[in-house]
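Asker: Got a structure here, written out as structure tokens. Questions coming.
The values are calculated or read from the model by the stated rules, or taken from the named source; none is laboratory data. In this text, all values refer to a predicted model and were calculated from it rather than measured experimentally. Positions of Cβ are backbone-derived with ideal geometry, glycine not excepted, and every protein chain shown enters the neighbour counts. Side chains included, ligands, DNA and RNA excluded: accessible areas come from the protein's heavy atoms. Shrake-Rupley method; radii C 1.70, N 1.55, O 1.52, S 1.80 Å.
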Amino acid sequence: MQIQKETYLRRRARLKKDMGSGVLLFLGNAEVGMNYADNAYRFRQDSTMLYFFGLDFPGIAAVIDVDEDREIVFGNDLTIDDIVWTGMMPSLSERCQPVGVTDTRPMSELADYLRGKFVHFLPPYRGDHRVWLWELLGVEPAAQPSLASVPFIKAIVSQRNYKDEEELRLIEESVDLSTEMHLAAYRAVRPGIHESEVAAAVEEVACRHGNALAFPTIATVQGQVLHNHGFIHDLKEGDIFLLDAGAETKSHYAGDLSSSMPVGERFTDRQAEVYNIHLRSFWAAVDKLQVGTPFREAHIAAATEIARGMKELGLMKGDPAEAAETGAYALFFPCGLGHMVGLDVHNMENLGEQYVGYADGQQKSKQFGFKSLRLARPLEPGFVFTVEPGIYFIPELMDKWEAEGQFRDFICYDKLGPWRDFTGLRNELNYVMTPTGARLLGTIKKPMTIDEVYAAKESRR
């Protein structure tokens, strides 16, 4: 399935109406060399370019001239030297017709077109974009983040934050493929193999279907390291294996799932106890997912349940709800509950979390734990987001907080010693908010309960 031409026309028309005036500049991504120019990273188009123009090839820019009601794509057709290496491709004009753009011009004309006009541009996230903006507009790289157009950012967010049925079908494809990747991990994980072998089994699923990864895979027995992208450990009996992996299908919409499982056949009693506390926190958060309810409340619900569970284990004391509101919970849950998902796995993070995950006037906390909450605003129909509470035992964080005397009214530092080597675990699912409540995305079930985890592992036999 592909996005229809009428959808692109409608998106651009609304953007022009919302902006009212000026020239809107879209910089496409170029191929970037890994270690020399002709050995490039996998090309990935800028997501805002994809959303409004649907053009998935390098070397282009686009403008929407609101004042003159023009939509123009700038780029160059292939030379014979290009064709020798890439084969024949449609012309720029031919590529633009299916997305409703009829005005195409050589890239050499872009600077002249922009000269003397009021240009709205977005915050750059790539070095080549910073240089390009400098050349086109004379804005030095250091000044670009502060001079990026806030009205342009907000107008984009006001569309991309809300997924229609066309987008939801594409996201669901990505979620289903992501689930297949996780099921491959359940079948592969066992003592005596290496993390890289599990990562290979997981990534092979996406590759076999002709798709890519939504983000670098996390596949590790050191789950207390939240973004552990290195595959350097052997799997041993008694370990917990954590997988955070997602597919990006040909539409470029992302899926984002996490799973935790025993390396051996079963969790230890202690691991099972923590896993079930985690599940309680997960479903406590899901129970809060209602239209109009701030996502921060779901985060607090998960944090409260984690604090309650840690109290049951003798690791915390006091009122769990108070421990959640004050931030004491963050010793065991230092990250946010979830984030928006779409064409980016952290949707539009390049435009600024304060515009995507926070309502106008809502301030993002600077406190440890809460500052990592990427989504806090009231939930609205069309939002697609993750729910991913976790429980982590991070020795370095324990030592720092104890030395600083943090939250001694809630944390039993004298009881933490035997837990320092527990590592960490989390599960993650993707939801869409509908007028009647949150709907779980995906037609294939990802294991969540301990019995479902065991059944998935046994399926390899």
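Asker: If the only charges are +1 at each Lys and Arg Cβ and -1 at each Asp and Glu Cβ, what is the size of the charge dipole of the stretch 288-390 around the Cα centre, to the nearest 20 debye? Could the numbers behind the result be given before it?
Answerer: Numbers: 10 positive and 12 negative charges, 42 e Å.
Using only the charged Cβ atoms, the result is roughly 200 debye.
Asker: Computed over the Cα atoms of the stretch 306-461, what is the convex hull's projected area averaged over all directions, in nm²? Walk me through the intermediate numbers first.
Answerer: Working: hull surface 48.9 nm².
If I average the Cα hull's projected area over directions, I get 12.2 nm².
Asker: Still on this model: Per DSSP helix of 4 or more residues, -39500 (n - 2.57); summed, then divided by the residues of the chain. What does that give at 222 nm, rounded to the nearest 500?
Answerer: -11000 deg cm²/dmol
Asker: Karplus couplings for the stretch 313-324 from phi (6.51 cos²θ - 1.76 cosθ + 1.60, θ = phi - 60°), rounded to Hz, Gly and Pro as x?
Answerer: Going residue by residue, I get 7, x, 9, 9, 9, x, 7, x, 5, 5, 4, 6 Hz, with x marking Gly and Pro.
Asker: Relative contact order (percent) for the chain, with alpha-carbon contacts under 8 angstrom and 6 or more residues of separation? Mind dumping the intermediate values first?
Answerer: Numbers: 885 pairs, mean separation 64.5, N = 461.
It comes to 14 percent, rounded to a whole number.
Asker: Moving to a separate point now. Show me the three semi-axes of the equivalent ellipsoid for the stretch 398-438, from the C-alpha gyration tensor (sqrt of 5 times each eigenvalue), largest first, rounded to whole Å.
Answerer: Over the Cα atoms of the stretch 398-438, the semi-axes work out to 36, 15, 9 Å.
Asker: Hey, how many Å between the Cα centroid of the stretch 272-325 and the Cα centroid of the stretch 421-438?
Answerer: The two parts, judged by their Cα centres, are 13 Å apart.
Asker: Still on this structure, please answer the following. Accessible area of the stretch 27-124 with a 1.4 Å probe: how many percent of it is carbon plus sulfur?
Answerer: Details: 2660 of 5200 Å².
That share works out to 51 percent.
Asker: Can you list residues whose amide H is under 5 Å from residue 441's amide H, if they're 5+ apart or on another chain and H is modeled 1.01 Å from N?
Answerer: For residue 441, whose amide H was placed from the backbone, the distant partners under 5 Å are 430, 431, 432.
Asker: At 1.4 Å probe size, with every protein chain present, just tell me what the per residue accessible area of the chain comes to in Å².
Answerer: Using a 1.4 Å probe on heavy atoms only, each residue of the chain averages 43 Å².
Asker: Let me ask another. Report, in degrees rounded to the nearest 10, the 0 to 90 angle that the Cα long axis of helix 269-286 makes with the longest principal axis of the chain.
Answerer: 50
Asker: Can you order the peptides 24-37, 206-219 by their average number of other Cβ atoms within 10 Å per residue, highest first?
Answerer: Output ranking for 24-37, 206-219: 206-219, 24-37.
Asker: A follow-up question, please. Measure nothing but the geometry: give the 0 to 90° angle between the long axis through the Cα atoms of 395-404 and the longest principal axis through the Cα atoms of the chain, rounded to 10°.
Answerer: For helix 395-404, the angle is close to 80 degrees.
Asker: Taking all protein chains in place and a 1.4 Å probe, what share, in percent, of the accessible surface of the stretch 206-296 do carbon and sulfur account for? Write down the numbers at each step before the final one.
Answerer: Details: 1900 of 3510 Å².
C and S fraction of accessible area: 54 percent.
Asker: Hey, what angle do you get for helix 127-137 against the long axis of the chain, alpha-carbon based, 0 to 90 degrees rounded to 10?
Answerer: Approximately 30 degrees, to the nearest 10.
Asker: Please work out the Cα center distance from the stretch 117-192 to the stretch 72-96, rounded to the nearest Å.
Answerer: Value for the Cα centre distance between the two parts: 25 Å.
Asker: Would you work out which of 334, 271, 347 lies farthest towards the positive end of the dipole of the stretch 263-366, given +1 charges on the beta-carbon of Lys and Arg and -1 on that of Asp and Glu, about the Cα centre?
Answerer: Looking along the dipole axis, the top candidate is 271.
Asker: While we're here: Using θ = phi - 60° and the Karplus curve 6.51 cos²θ - 1.76 cosθ + 1.60, what whole-Hz ³J(HN,Hα) does each residue of the stretch 9-22 get, with Gly and Pro shown as x?
Answerer: With coefficients 6.51, -1.76 and 1.60, one gets 4, 5, 4, 5, 5, 5, 4, 4, 5, 5, 7, x, 7, x Hz.
Asker: If each residue of separation counts as 0.36 nm, what is the full-extension length gain between residue 434 and residue 147 once their alpha-carbon separation is subtracted?
Answerer: Difference between extended and current length: 99.7 nm.
Asker: Kirkwood-based Rg over Rh for the stretch 125-185 (C-alpha set), two decimals? Spell out each step's value before the answer.
Answerer: Numbers: Rg = 18.4 Å, Rh = 15.0 Å.
Here the Rg-to-Rh quotient is 1.23.
Asker: Going down the table (371/415; 400/457; 250/445), which pairs top 29 Å between alpha carbons?
Answerer: Working: 371/415 27 Å; 400/457 37 Å; 250/445 22 Å.
Where the Cα-Cα span goes over 29 Å, the pairs concerned are 400/457.
Asker: With +1 assigned to the C-beta of every Lys and Arg and -1 to the C-beta of every Asp and Glu, and no other charges, what is the dipole magnitude of the chain about the Cα centre in debye, to the nearest 20? List each step's numbers first, then the result.
Answerer: Numbers: 49 positive and 66 negative charges, 158 e Å.
I would put it at about 760 debye.
Asker: How big is the shadow of the Cα convex hull of the stretch 71-114, averaged over all directions, in nm²?
Answerer: 3.4
Asker: Another one. Out of all Cα-Cα pairs in the stretch 358-439, roughly what percent, to the nearest whole number, are more than 20 Å apart?
Answerer: Tail of P(r) above 20 Å: 54 percent of Cα pairs.
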